[in-house]
Amino acid sequence: MRSPYALLSVVALAATALLPACTEKIIKKQVEAPAPDETAAEETPPEETPPPPEEKPTPSSGAFLDLGEAPVGQDVSFTIPPGTLGFNITAEGDVADFNQSAPFGIERITDPSGNVVHDDFTPKGGTKPTSVAAFDTIAVASVPQSESVPEKIPTGTWKVRYGIQGSDGFKPKLRGKVRLQTTSDGAFYGGKLDLHVYVPPGLVLKDNGAQKKVDANNAKADASLAKRIDTYYALAGQLLGVERGAVTFHVAPTELSAIDGVQELLQGFAVSGGTQDGAQSMHILFTNQIADQGQAFALGISPGIPGAATLYGRGVSGIIVAGAESADEDAITMFHETGHFIGLNHTTEFDGQSSDPLTDTPRCTTIANRDLYSCPDRANIMFPAGAIASPVSLSATQKRVYRGSPVYKAYASATQKTMAFTAPRELATPTYHATGRALSVFEQQLAMGRCGLTKIDANVLVQRFGRADAVAQLRAIAADPAFVPFMRGRANLALKDLGETP
């Protein structure tokens with residue numbers, strides 16, 4: 001079985017064939033793929049229903065631009081209309097198009113002035129490629145994802161180019177789509193976020209040391225689940241000015257009560273298959289663990305940076321959250337993985353060399369060898385271990401990336417702005433050990449695996465701490481039942497990578 005540690009560079013082709021078929025309803029009329037220097041036809045979005053009295057204005061319904069089919073290496077033009085806050089691009093191929101050693105993706109995005117905002121599969125200013133096909137046969141990129149995009153999204157003819165990372169000469173044709181987030185004038189006035197929550201039978205949530213089994217058939221009435229959703233929305237209101245929309249609960253397949261391995265992970269990402277493509281909403285599966293070979297390795301995971309906004313039932317359609325020790329922790333995980341899904345990187349990566357492409361987010365230059373609680377980005381939602389201090393925060397550009405995503409329904413005008421909610425000023429700090437004791441620097445390094453997109457290389461731990469010390473500490477963690485499961489699981493997986501027994 002392929003390790004989930006390698007999931008960002010490969011796709012599980014066998015599982016792809018089992019995923020539900022795409023049932024996308026294109027809001028805009030399909031157009032032929034434009035030639036490299038032509039502009040895709042712009043069409044009129046459907047009329048909006050007038051808002052009922054004394055309610056907020058009807059949110060934007062958004063729109064798709066269908067880019068048709070084009071080969072890699074060719075620029076495809078499309079028109080971004082006035083009033084655009086941001087957009088999400090997908091490039092889809094067939095299973096036969098995917099080569100594990102040379103995956104396809106979105107190689108370049110260029111604005112109307114010729115400014116390249118995304119290059120070499122990476123947001124401008126970024127340090128790691130994010131727009132190659134990793135889960136399912138779909139590659140995704142968003143605008144904005146970096147500061148290379150002007151504050152007001154330029155209107156006119158944009159271009160996207162598909163490519164092959166590590167090209168071997170193969171040139172498949174990919175099908176492209178663009179999903180827009182718009183307002184009347186391109187300014188942000190708030191909005192609503194609809195949420196779909198998937199609950200498998202057997203889900204257990206923890207609050208203040210107590211465990212409670214959630215009734216999947218009556219999840220709407222579950223108090224523990226409500227705490228997590230309420231705090232998630234409180235954060236959205238406080239940090240983004242986006243308020244609570246409709247919350248819909250679904251009974252997920254029983255086998256997803258514990259995710260173990262690639263195929264179940266893909267199934268979890270694709271659990272939204274019953275939702276009509278084009279709907280603006282966020283989809284979250286709750287589970288008891290995210291594991292590899294029976295060993296828990298994360299508390300949350302997104303299918304990419306970003307995922308495919310408004311495309312459902314595929315391996316790029318939603319996020320997965322494994323219950324931690326409290327509602328606050330789970331809400332932070334939900335918001336962190338939502339950040340990845342709309343296009344945000346970690347503020348600083350575990351290797352200490354990589355970071356996000358945003359200059360207004362703090363970075364921890366000593367993350368590789370010092371106490372994480374001294375890192376200046378420790379309270380940022382996108383810290384690699386999740387926010388480990390309160391009050392939690394986002395930078396101005398991070399907020400802009402969130403607000404440019406089509407996953408929520410933006411209000412069209414300033415008729416009535418979103419009312420910001422009051423989020424808890426002090427959220428519960430993450431729990432790693434039953435005694436509540438402070439973690440050693442080594443233990444903190446292991447704890448950065450709360451997010452499944454953080455790969456902790458056992459060999460890096462050996463380089464930093466020496467083999468004998470690293471192996472001894474990994475064995476101690478794996479054997480200590482007071483550590484939370486994902487800490488013990490990551491210790492066991494690291495030992496296996498080193499060829500050592502627990």
Could you look through the range 349-402, keep only residues that are within 17 Å of the chain's Cα centre (by Cα) and of a type in the set (V, I, T), and pick out the one that is nearest to V143 (Cα to Cα)?
V401
Being closer than 22 Å to A63 by Cα, touching a Ser or Thr at 6+ places or on another chain (Cβ under 9 Å), in a loop (DSSP other than H, G, I, E, B) and open to solvent by less than 10 Å² (accessible area, probe 1.4 Å), is that true of even one residue in the range 204-219?
no
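What number of residues within the range 362-377 are in a loop (DSSP other than H, G, I, E, B) and open to solvent by less than 10 Å² (accessible area, probe 1.4 Å)? Let's see the steps before the verdict.
If we filter the range 362-377 for residues that are in a loop (DSSP other than H, G, I, E, B), which is where we start, we get 362-371, 375-377.
The next check asks that each one be open to solvent by less than 10 Å² (accessible area, probe 1.4 Å); those that pass are 364, 367, 375, 377.
Final tally of qualifying residues: 4.
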Which members of the range 127-184 meet the condition of being closer than 19 Å to E69 by Cα, of a type in the set (K, R) and open to solvent by 10 Å² or more (accessible area, probe 1.4 Å)?
K159, R161, K171, K173, R175, K177
Of (1) crowded, with 21+ Cβ neighbours inside 10 Å; (2) in contact (Cβ under 8 Å) with a residue 40 or more places away in the chain; (3) within 14 Å of Q444 (Cα to Cα), L394 fails just (3)
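Please return the ranges of helices (runs of 4 or more DSSP H) entirely within the range 378-484 where 3 or more residues are touching a Gly at 6+ places or on another chain (Cβ under 8 Å). Give the derivation first.
Details: elements: 396-404, 441-447, 458-465, 467-479.
Of the helices (runs of 4 or more DSSP H) lying wholly inside the range 378-484, those with at least 3 residues that are touching a Gly at 6+ places or on another chain (Cβ under 8 Å) span 396-404.
The values are calculated or read from the model by the stated rules, or taken from the named source; none is laboratory data. None of these values were measured; they are calculated from a predicted model. Note that we place each Cβ from the backbone using ideal geometry, even for glycine, and neighbour counts take in every protein chain shown. Side chains are part of the model used for accessible areas, which takes the heavy atoms of the whole protein and leaves out ligands, DNA and RNA. Shrake-Rupley method; radii C 1.70, N 1.55, O 1.52, S 1.80 Å.
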